[in-house]
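The next block holds one structure in the form of structure tokens; read it before the comments.
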Amino acid sequence: MDLQKVLNDIKDEVLAANLGGHLPTYIPELEHIDPDKFGMHLQTLDGRSFAFGDSSEKFSIQSISKVFTLVQAFRFKGSELWKRVGVEPSGDPFNSLQQLEFENGIPRNPLINAGALVTADILVSELKNPKLDFLEFVRELTGSREVFYNEKVAYSELECSHRNAAMVNLMKSFGNIQNDVNLVLDFYCHACSIEMSCAELANAFLVFSNHGIIPHNNKEVLSVSYTKRINSIMHVCGFYDEVGMFSYRVGLPGKSGVGGGIVAIHPTDYSVAVWSPELNTKGNSEKGMMALELLTTKTGYSIF
Ligand code: GLN
């Protein structure tokens, strides 16, 4: 199959659909992004890559970072992790507080904000230099040193982090946060502020298509069984209260962020990242969802 032609057709069809959407307003720095940016990068495990548009331009990965913090926390804690965070879809918006009170400060899963605040707390405890060490981990997965925090975005979010602060305080009151709440929030907002391109994200996620081994240096990050578990969690929790629709339309495990990025993986063959800043009401990229739906529809390369 001519995958470059498939990607070119996807670009044309998505642009012709005139989808619209909105930029996130609650992180002031993200409001200034050009809404017309659009790029996609597909990376196969056997080393081929296909791309279009703004696929090499960096953007704010936001909640996509929750997969990286989850992987590191899971490596430190193993199945003990599940005493502090669940693996069920939440059915609620990513920044919702309501379940936390009923469920005694144990977030439904690690890919909503509350859950990622718990994995952030674990990394603040376990890493010697949390922000530096975490960034090094993401760089190793990506195979590039050109991955950085955007301090402006991190502080822009920190200043407006009232809901996340409420969550972390509520969880602390239940004994599910061990560190100072400000340290946890600072780490969390920095992780969200990491900037990567579609090409870099697709490379970083290729480890999940390769049974936990980083393809470019053959290092084992996760066992086969742990990789299965991370991919399962992405599949049932990666898109908040739109996870069913994403699975129905695309049929791949993945993760989105309010920066407009979505990355998805096929568990044995490829990873793919798409970026378009305009979001739907659930906080997922409008064009990104359609582009990925077209990819698996045209190629048949979903997990089903
Ligand atoms: N930093 C964002 C927040 O905490 C991430 C949310 C997202 O990308 N869905 O609200």
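So here's what we get for this one:
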| item | result |
| --- | --- |
| Filter result (in contact with a Leu (Cβ under 6 Å, 6 or more places away or on another chain) and hydrophobic (A, V, I, L, M, F, W, C)) within the stretch 3-31 | Ile10 |
| One residue from Val71, Val87, Val67 being open to solvent by 30 Å² or more (accessible area, probe 1.4 Å) and of a type in the set (Val, Ile, Thr) | Val87 |
| Selection from the stretch 120-167 of residues that are of a type outside the set (A, V, I, L, M), farther than 27 Å from Ser56 by Cα and within 13 Å of the ligand (Cβ to nearest atom) | Glu159, Cys160, Ser161, His162, Arg163, Asn164 |
| Pick from the stretch 168-188, criterion in a loop (DSSP other than H, G, I, E, B) and touching a Ser or Thr at 6+ places or on another chain (Cβ under 9 Å), ranking: farthest from the ligand (Cβ to nearest atom) | Gln178 |
| Per-region count, the stretch 1-32, residues closer than 30 Å to His162 by Cβ and buried (at least 17 other Cβ atoms within 10 Å of the Cβ) | 6 |
| Members of the stretch 276-301 found to be open to solvent by less than 10 Å² (accessible area, probe 1.4 Å) and within 13 Å of the ligand (Cβ to nearest atom), listed by number | Pro277, Leu279, Gly283, Asn284, Ser285, Gly288 |
| Exclusive hit being crowded, with 18+ Cβ neighbours inside 10 Å and of a type outside the set (D, E, K, R), set Ser56, Ser49, Ser79, Ser60 | Ser60 |
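The values are calculated or read from the model by the stated rules, or taken from the named source; none is laboratory data. No experiment lies behind these values; they were computed from the predicted model shown. Note that we place each Cβ from the backbone using ideal geometry, even for glycine, and neighbour counts take in every protein chain shown. Please note that ligands, DNA and RNA were not included when accessible areas were found on the heavy atoms of the full protein model with its side chains. Shrake-Rupley method; radii C 1.70, N 1.55, O 1.52, S 1.80 Å.
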